[in-house]
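Below you'll find the structure, written out as structure tokens, and then a few comments.
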Amino acid sequence: MAAKKADKVMTLTEAATLVRDGDTVALQGMGTQMSPLALVRELIRAGKRDLTIVMIVGGIGLDWLIAAGCVRRVIAIIVHLDEFGMAHAFRRAVEAGEVVMEEYSEHQLLSRLLAGAYGLPFLVTRAGLGTDLLALHPETTRIIACPFTGQEVVACRALVPDVAILHAHRADRYGNVQFFPKPIWLDADVFPRAAKKVIVTVEEIVENEEIRRTPIHTGIPYFKVDAVVEVPYGAHPCSLYPFYAFDRALFQEYATASRTAEGTRAFLDRYVYGPTTHAEYLQRVGGAEMLLRIRKWE
């Protein structure tokens, strides 16, 4: 008889306990797109410390975490607020020596994560050859000779995050996660395969029979997932295509406020520390009027 699948449904508060101080956390997100920001706010309220955040492109959620004092190291290819400009909290923290930036090219970082996913000590790429980028991190990237051709390649040491945190369209209670359209995002594909633990927030939790009706959309199988949390609009203010667009007004408000440390703290007090529930947060950022606005793609 097959073993019964475990029910993995948790609250945001319960899921946040899976992240420990000092963990390496792979955080989904690409600029204004698709990031698990409801759980990011929960991690901030829980007072997590000394985190290493891994992102392909760091964005607003990373800037919030840094501003709240949760982050010690960032592993990424770039950090910004997309069309809204600089990630000011990130810049201030790196310039002050409070946060270490570990920079890679996109394919170097993906090679590190894929090596972790495959259980290999390293993978090779040609990305970075002929640049000064390799001198930044000799402990994780170095030039070696191909044993077959003698060509120079870059060996990228495996990266295995302690936790991966993502947001998706829906899942069942066992942790079968679906994306609409089917998964096309790099971080949604490689992060859960490389990480030791996986937390996914979703717009809705549906019955397993619904998942089985459209298996082509299942991007993460249940045996890779440790927790699922139902959080409608859980990516806000980022977008979740094709459900809703990013909240241009809130992005602009943060981009303006975060130019100073005082403005950043005031923003976090209002939108992160202030609301006690996700529903209260949605009400504070504009309620029904805002939700109707972001449902219309510009």
- Considering only protein heavy atoms, what is the solvent-accessible area of residue 45 at a probe of 1.4 Å, reported in Å² to the nearest 10? 80 Å²
- Query: Viscosity 0.890 mPa s, temperature 25 °C: Stokes-Einstein D of segment 236-281 from its Kirkwood Cα radius, in µm² per second?
  - Reply: 213 µm²/s
- Message: Within the chain, count lysine pairs with alpha carbon atoms under 19 angstrom apart where the residues are 8 or more positions apart or belong to different chains.
- Response: 12
- Task: Can you give me the three principal axis dimensions of the chain from its C-alpha atoms, in Å, biggest first?
- Result: 61, 60, 37
- Query: For the chain, what % of the accessible area comes from carbon and sulfur atoms, probe 1.4 Å?
  - Reply: 54 percent
- Binned Cα-Cα distances of segment 147-279, short to long, each 10 Å bin given as a whole percent: 11, 31, 27, 20, 8, 2
- Note on the structure: Relative contact order of the chain (C-alpha contacts under 8 Å, at least 6 apart) in percent is 20 percent
- For segment 182-235, Kirkwood radius (reciprocal of mean inverse C-alpha pair distance, Å): 12.1 Å
- Along the charge dipole of the chain, which of 276, 149, 221 sits closest to the positive end, that is, farthest toward it, with unit charges on the beta carbon of Lys, Arg, Asp and Glu (+1, +1, -1, -1)? 221
- Note on the structure: Largest-first semi-axes in Å of the equivalent ellipsoid built from the Cα gyration tensor of segment 70-229 are 32, 22, 13
- Per residue solvent-accessible surface (Å²) - segment 140-209, probe of 1.4 Å: 41 Å²
- By the scheme Lys and Arg +1, Asp and Glu -1, what is the net charge of all other residues having a beta-carbon under 14 Å from that of residue 86? -1
- Message: Between segment 28-72 and segment 92-135, what is the separation of their alpha carbon centroids in Å?
- Response: 19 Å
- Message: Pairwise over distinct Cα atoms, reciprocal of the mean inverse distance: report the Kirkwood radius of segment 1-50 in Å, one decimal place.
- Response: 12.8 Å
- Message: When a/c reaches 1.5 or more, the comparison of a/b and b/c decides; with that in mind, is segment 39-96 rounded, prolate or oblate per its Cα gyration tensor?
- Response: prolate
- Message: Over segment 1-135, with the other protein chains present, what is the accessible area per residue in square angstrom, probe 1.4 angstrom?
- Response: 42 Å²
- Whole-number D in µm² s⁻¹ for segment 1-137, Kirkwood Cα-pair radius fed into Stokes-Einstein, 25 °C, 0.890 mPa s: 150 µm²/s
- With Rg and the Kirkwood Rh both taken from Cα atoms, where does Rg over Rh land for segment 56-154? 1.05
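The values are calculated or read from the model by the stated rules, or taken from the named source; none is laboratory data. Here the structure is a predicted model, which means the values were calculated and not measured. Virtual Cβ from ideal backbone geometry, glycine too; neighbours counted across all protein chains shown. Only protein heavy atoms, including side chains, enter the accessible area calculation; ligands, DNA and RNA are left aside. Shrake-Rupley method; radii C 1.70, N 1.55, O 1.52, S 1.80 Å.
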